[in-house]
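Reviewing the structure listed below.
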Amino acid sequence: MINIAVLGYGTVGSGVVEVIEKNKEVIDRRAGEALYVKYILDLRDFPGDAYEDRIVHDFRIILNDPEVSIICETMGGLEPALTFSMQALKAGKSVCTSNKELVASHGAELIATARQNRCNYLFEASVGGGIPVIRPLNVALTAERIELIDGILNGTTNYILTKMAQEGTDFEVCLKEAQEKGYAERNPEADVEGYDACRKIAILASLMTGKTVRYEEIYTEGITKVTKEDFLYAKKMGLFIKLLASVRYEAGAYYAMVAPFLVGEDNPLHSVNDVFNAIFIRGNTLGDSMYYGRGAGKLPTASAVVSDVIDCAKHGRKHIICLWEKEKQPLSDIGGACRRFFVRAKEGSEEEVRRLFGRMARVDAGVPGEFGFLTEPMTEREFGEKAEALEGFVGRLRVDA
Ligand code: HSE
């Protein structure tokens with residue numbers, strides 16, 4: 001029997017317990033031994049809960065129990081999750097986590113600590129919820145030089161953008177629905193401002209480069225400035241608005257960013273809707289591959305945590321190699337990244353637009369007092385200068401089409 005402990009009995013933690021119970025037969029067979037949830041750490045008591053007798057409030061009970069060999073850290077946040085995870089790994093107990101904040105900021109040192117102590121720090125659930133993407137990067141794509149990762153990595157914002165596009169529903173109403181369905185972070189700012197997607201792309205970028213891509217250095221823009229008028233223009237142009245998190249290797253440099261983009265039908269991410277996430281990966285010999293599934297929610301995320309538990313159970317005290325060093329991977333300034341932009345400008349500013357941007361095809365979406373146009377490809381820096389000089393400027397979106 002393999003004894004495990006769950007840290008945090010919230011949405012994901014209770015999902016872990018539920019998945020282990022629901023799929024007990026297959027899980028135990030695949031793990032090679034029966035899994036048993038011996039402890040659940042939480043500040044709260046859960047009177048009447050089927051696992052009430054396993055609740056503990058002191059992490060030392062878990063740490064000092066030699067029978068516990070695998071810990072699921074589903075607390076979220078940096079502390080005390082970092083301290084508990086480090087202590088567990090130093091005691092030779094493997095840790096499986098859904099905590100993207102912790103993985104993004106301390107992934108390299110947690111993996112190194114696991115290596116030194118012949119156990120594992122696994123984090124499949126930290127990116128894309130239930131979608132297997134960490135394991136493909138660490139196992140199936142190791143023969144590739146990864147050139148590009150583009151992802152829809154946040155279920156809450158994808159849900160909101162989908163509803164806004166399909167139903168013209170108000171931003172606040174959609175956010176509330178996403179919160180009720182258990183997709184959103186406790187602080188919804190992390191979702192809507194793009195911080196959550198930023199941490200997730202930092203994790204994928206670190207696995208892509210084998211070094212630490214610091215999330216603080218990734219240019220991040222959320223969806224709070226996307227308006228219903230933007231959707232009118234997108235519809236008129238046959239384009240879709242998606243919050244993309246992306247890392248690219250171009251001419252010896254890495255670029256990473258999170259921002260809302262207009263994407264076309266030729267981009268396979270255009271049809272990823274609702275809470276679904278998808279990750280598009282291009283390798284130099286494989287070409288394109290894509291990973292799709294539920295990017296948030298209790299059971300999908302818990303399923304990924306439990307898959308890591310099974311992996312740990314199968315490997316015992318053997319460390320599973322994961323190349324992610326502490327050394328920092330520098331990112332290039334996105335000012336040099338080249339793309340097209342969609343601009344909204346005040347009616348009457350056509351001449352000014354032509355003087356600054358050259359030839360342009362006007363897009364009218366029935367928005368009073370303004371029109372839109374697509375620019376030619378130019379660098380972010382060049383666009384920024386022109387947009388600032390445009391007196392009739394109303395707004396802009398980046399274009400990936
Ligand atoms: N708030 C996150 C999302 C949860 O909406 O994608 C999964 O990380």
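The values are calculated or read from the model by the stated rules, or taken from the named source; none is laboratory data. Fair warning: this is a prediction, and the values are worked out from it, not measured in the lab. Using ideal geometry, Cβ is built from the backbone for each residue, glycine included, and neighbour counts are taken over all protein chains shown. These accessible areas exclude ligands, DNA and RNA; they are computed on the full protein's heavy atoms, side chains included. Shrake-Rupley method; radii C 1.70, N 1.55, O 1.52, S 1.80 Å.
The residues of region 136-294 expose on average 42 square angstrom of accessible surface per residue, using a 1.4 Å probe on protein heavy atoms.
Of all the options G48, G129, G32, the one that moves most in a Gaussian network model of the chain with Cα springs shorter than 10 angstrom is G48. Counting only the Cα atoms, the chain fills a convex hull of 139 Å³ per residue. Average accessible surface for region 37-106: 44 Å² per residue, computed with a 1.4 Å probe over protein heavy atoms with every protein chain in place. You can think of it this way: the chain between R340 and K22 has 109.6 nm of extra reach, that is 0.36 nm per residue less the Cα-Cα gap. With R₀ set to 25 Å, the beta-carbon distance separating E189 from E79 gives a calculated FRET efficiency near 0.80. Available extension along the chain between I61 and K90 is 8.9 nm, counting 0.36 nm per residue and deducting the alpha carbon span.
Counting charges near G48 (Lys, Arg +1; Asp, Glu -1) among other residues having Cβ under 15 Å from its Cβ returns a value of -3.
Can you tell me which of K386, K200, K298 moves the most in a GNM of the chain? Springs connect C-alpha atoms under 10 Å apart. Its mean-square fluctuation being the largest, the pick is K386. Computed from point charges on the beta carbon alone (+1 for Lys and Arg, -1 for Asp and Glu), the dipole magnitude for the chain about its Cα centre is near 1040 Debye.
Largest first, the residues L299, L122 sort by 1.4 Å accessible area into L299, L122.
Let me check something: with ligands and nucleic acids excluded, how do S289, S271 order by accessible area (1.4 Å probe), largest to smallest?
Reading off the accessible areas and sorting them downward yields S271, S289.
When the surface is traced with a 1.4 Å probe over the full set of protein chains, D266 keeps roughly 130 Å² accessible. Counting only protein heavy atoms and a probe of 1.4 Å, the accessible surface of the chain is 49% carbon and sulfur. The calculated FRET efficiency for the pair K235 and D333, based on their C-beta separation and a Förster distance of 30 Å, comes to about 0.35. Per-residue accessible area (protein heavy atoms, 1.4 Å probe) orders L175, L323 as L323, L175, starting from the largest. Residues whose amide H falls under 5 Å from that of I40, counting only those 5 or more places apart or on a different chain, are V6, I55, V56, with hydrogens built in the peptide plane.
Only protein heavy atoms count here; under a 1.4 Å probe, C322 has an accessible surface of about 10 Å².
With all protein chains kept in place, the per residue accessible area of region 334-400 amounts to 51 square angstrom at a probe of 1.4 angstrom. Our estimate of slack between T169 and N273, defined as 0.36 nm per intervening residue step minus the Cα-Cα distance, is 35.9 nm. Using a probe of 1.4 Å, the accessible surface attributed to V173 totals some 70 Å² when neighbouring protein chains are kept in position. I need the shape label for region 114-185. Rule: rounded when a/c is under 1.5, else prolate if a/b > b/c, else oblate, with a, b, c from the alpha carbon gyration tensor. Oblate.
When only the Cβ of Lys, Arg, Asp and Glu is charged (+1, +1, -1, -1), the dipole of region 334-400 relative to its Cα centre reaches about 200 debye.
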